[in-house]
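Written out below as structure tokens is the structure these notes cover.
The values are calculated or read from the model by the stated rules, or taken from the named source; none is laboratory data. Keep in mind it's a predicted model, so treat the numbers as computed, not measured. FYI the Cβ positions are ideal-geometry reconstructions off the backbone, even for glycines, and counts take in every protein chain you see.
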Amino acid sequence: MRQDVLPKPLTEREQQILSLLAEDLSDRAIAQRLTLAVSTVKWYVRQLYAKFGVENRYEAAQYARALGLI
């Protein structure tokens, strides 16, 4: 895992959500899988976008793959 290239490493929960996001699951599906509120998942997704400097799920997944995070 190449978290050393990020300004702030991913938390365990961010890593879980990122993996499911990369599987193209919806926020609702991620929330159900992790037993979280949908609003919580949306918050984490926004945090991932900010850490990666991206604007959507596709870009986040591509960036994470390029870094070897997923």
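Quickly run through region 24-70 and pick out the residues that are farther than 15 Å from Leu6 by Cα and among the hydroxyl-bearing types (Ser, Thr, Tyr).
Initial filter on region 24-70 (farther than 15 Å from Leu6 by Cα): 24-46, 55-59.
Hits for region 24-70 are Ser26, Thr35, Ser39, Thr40, Tyr44, Tyr58.
Cβ-Cβ below 9 Å, separation at least six or inter-chain, first residue in region 58-70 and under 9 Å from Ala22 (Cα atoms), second hydroxyl-bearing (Ser, Thr, Tyr) and assigned to a helix (DSSP H, G or I): which pairs?
Ala60/Tyr49; Ala64/Ser19; Ile70/Ser19
Could you grab me the full set of residues in region 54-70 that are outside any helix (DSSP H, G or I) and either at pLDDT below 90 or crowded, with 19+ Cβ neighbours inside 10 Å (or both)? Steps first, please.
Taking region 54-70 and keeping what is outside any helix (DSSP H, G or I), we get 54-56, 68-70.
Gly68, Leu69, Ile70 - these are the residues of region 54-70 that are outside any helix (DSSP H, G or I) and either at pLDDT below 90 or crowded, with 19+ Cβ neighbours inside 10 Å (or both).
Taking region 10-53, which residues are assigned to a loop (DSSP other than H, G, I, E, B), among the small types (Gly, Ala, Ser) and under 19 Å from Ala66 (Cβ atoms)?
Keep residues of region 10-53 that are assigned to a loop (DSSP other than H, G, I, E, B), which gives 10-11, 23-26, 35-37, 53.
Checking the rest, the ones that are also among the small types (Gly, Ala, Ser) come to 26, 37, 53.
Gly53, the sole residue that qualifies.
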